[in-house]
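Below: one structure, written as structure tokens.
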Amino acid sequence: MGHLVSYHSSGHLVQDFSSEILSPYLSPGSDRDLSLDSTLRELPLYDFRAELTCLGIEVARIFQKDALLPGAILTEEGEYAGIISRRQFLEFLLLPHGRELFLQHPLEVLHSYNRQETLILPGDTPILSAAQQALRRSPLLQSEPIVVKLEPSVYRLLDFQQLNLASWQIRGIETQVRYERTQARIIQTEKMASLGRLVDGIAHEILDPVGFIWGNLTYVSTYTEALLELIAAYEEICQETNAEIVRLKEEIELDFLQQDLPRAVGSIKTGAERLKKLSVSLQNFCHIDEVYPKPADINSCLDGIILLLKNRLQSEIEIVKNYGHLPPVTCYIGEISQVFMNILTNAVDALLNEAVSQKLAQEYGRKRQETVNEKPRIEITTQVWFADTKHTKTSVERWVSVRIRDNGPGMPQKTQREIRETFSVKKRAAKETSLAVSYQIVTAKHGGEIKLRSQPGMGTEFEILLPLV
């Protein structure tokens, strides 16, 4: 019969290597605050080990001493061999001749009768995931403790009631977080809708005077040409010029005026046209509160977003447009504009960050790999894509494909995996990013798809597929 190991109130154990039972020890995980990402390591775990050669009565004494102990980890020469729960232990003792058979004999006798399946989970398993797996067990086993594997040879016991309680606490936290995020999203949506209506009103007010300017520029251009023709006719007919007229021609620089006046009128016309396009782009981008989808020109939508981002594109970023002939796409054009804005903004940020990194490397004399320094470029390609419905899950045959590709540094596999994880409902509830919102708009609102392709050093490409109904 083995000797008990002394157990101090501080929680530290003094192990006697001749003993066959290790006194129960509760980890301090119960003092930690739980969060949505909490794992089994953060829960109170019991460390109570007994060798198979130990007598059953020794384990019974430990169970009697500690009423909360869920069970014992059985070991054979120090290696994990299985577990015996408090419930199983008591059930075996209640069998006919159970006390004589199991209390006075080694635990290996009791263990040989125990054929129940044990749930073993890694210590890094999320609490919610562990609770789901525990509840999938047979109803007879759902109250049994779970074995938590912390290290290759380190095992601990977790009481199912502790796991269940922790999972309910986390679900309460998750519900509260979702509620707060929903409230914040509603407020943010209302703010964006109000801002959209405000900007739409401002754009409309800008378009009115621009319309006056644009409408009168045609007449101003015609009048200017007529007056210049009249002056030229006077000069041909009147050979003798008056001294006052000569003085006035020199004072106003008539020759330069005749050349520059048409250019000035043309410049005003170009500025009015750009201002008109900018106002229309603002109106399209702000239509985020539309109730029904409407046919829209995707190519014009992209041009409008590029115009809004012109101050960020600067001269060092080249925009290459490979627009195909697209039919009108029935969509919420304001939300699709937001998707294009998010993806283009990410591409611009990646290119600008890479340009700054290269500049700093050159200034500090760092050695970089000898690569051809391409000019930062964003390539936008639109086309109609025909799907093979025999090999796809959808019955949609025609799609509009919008591919936005940059020649930036690209993304490592870990970053790509993190981005794709944010597309899931669970991750999106925990952390909403611009790309996650874009994914929701394209897939949930429009029945489309977003594909990410990237390779370090080769750039990144996002493809948006919108169904043509």
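The values are calculated or read from the model by the stated rules, or taken from the named source; none is laboratory data. Note that this is a predicted model, so its numbers are computed, not measured. Cβ atoms come from the backbone with ideal geometry, glycine included; neighbour counts cover every protein chain shown. We work out accessible area using only protein heavy atoms, side chains counted, and drop any ligands, DNA or RNA first. Shrake-Rupley method; radii C 1.70, N 1.55, O 1.52, S 1.80 Å.
At a Förster distance of 51 Å, what's the computed FRET efficiency of Y323 paired with E235, Cβ-Cβ distance as r, to 0.05?
Rounded to the nearest 0.05, the efficiency is 0.55.
With r as the distance between the Cβ atoms of S153 and L101 and R0 = 25 Å, compute the FRET efficiency 1/(1 + (r/R0)^6) and round to 0.05.
Calculated value: 0.20.
Can you give me the distance in nm between label points at Y179 and E354, each placed 7 Å from the Cα along the Cα-to-Cβ direction?
Once both label points are built, they end up 4.6 nm from each other.
Full-extension gain between E251 and S434, please, as 0.36 nm times their residue separation minus the C-alpha to C-alpha distance.
Extending this stretch completely gives an extra 59.9 nm.
Need one number: nm distance between label points at L94 and A243, each 7 Å from Cα along Cα→Cβ, rounded to one decimal.
Here the answer is 13.3 nm between the modelled labels.
I'd like the accessible area for S35: 1.4 Å probe, protein heavy atoms, all chains in place, Å² to the nearest 10.
Approximately 50 Å² for this residue.
Quick one: which of K277/K310; K277/K375; K310/K414 span more than 22 angstrom between C-alpha atoms?
K277/K375; K310/K414
R0 = 51 Å: FRET efficiency of H204 with Q161, Cβ-based, nearest 0.05?
E between H204 and Q161, to the nearest 0.05, is 0.20.
Sort 168-181, 224-237 by the packing proxy (mean of other Cβ within 10 Å over each peptide's residues), most packed first.
168-181, 224-237
Over segment 103-154, give the accessible area per residue in Å² for a 1.4 Å probe, as an integer.
56
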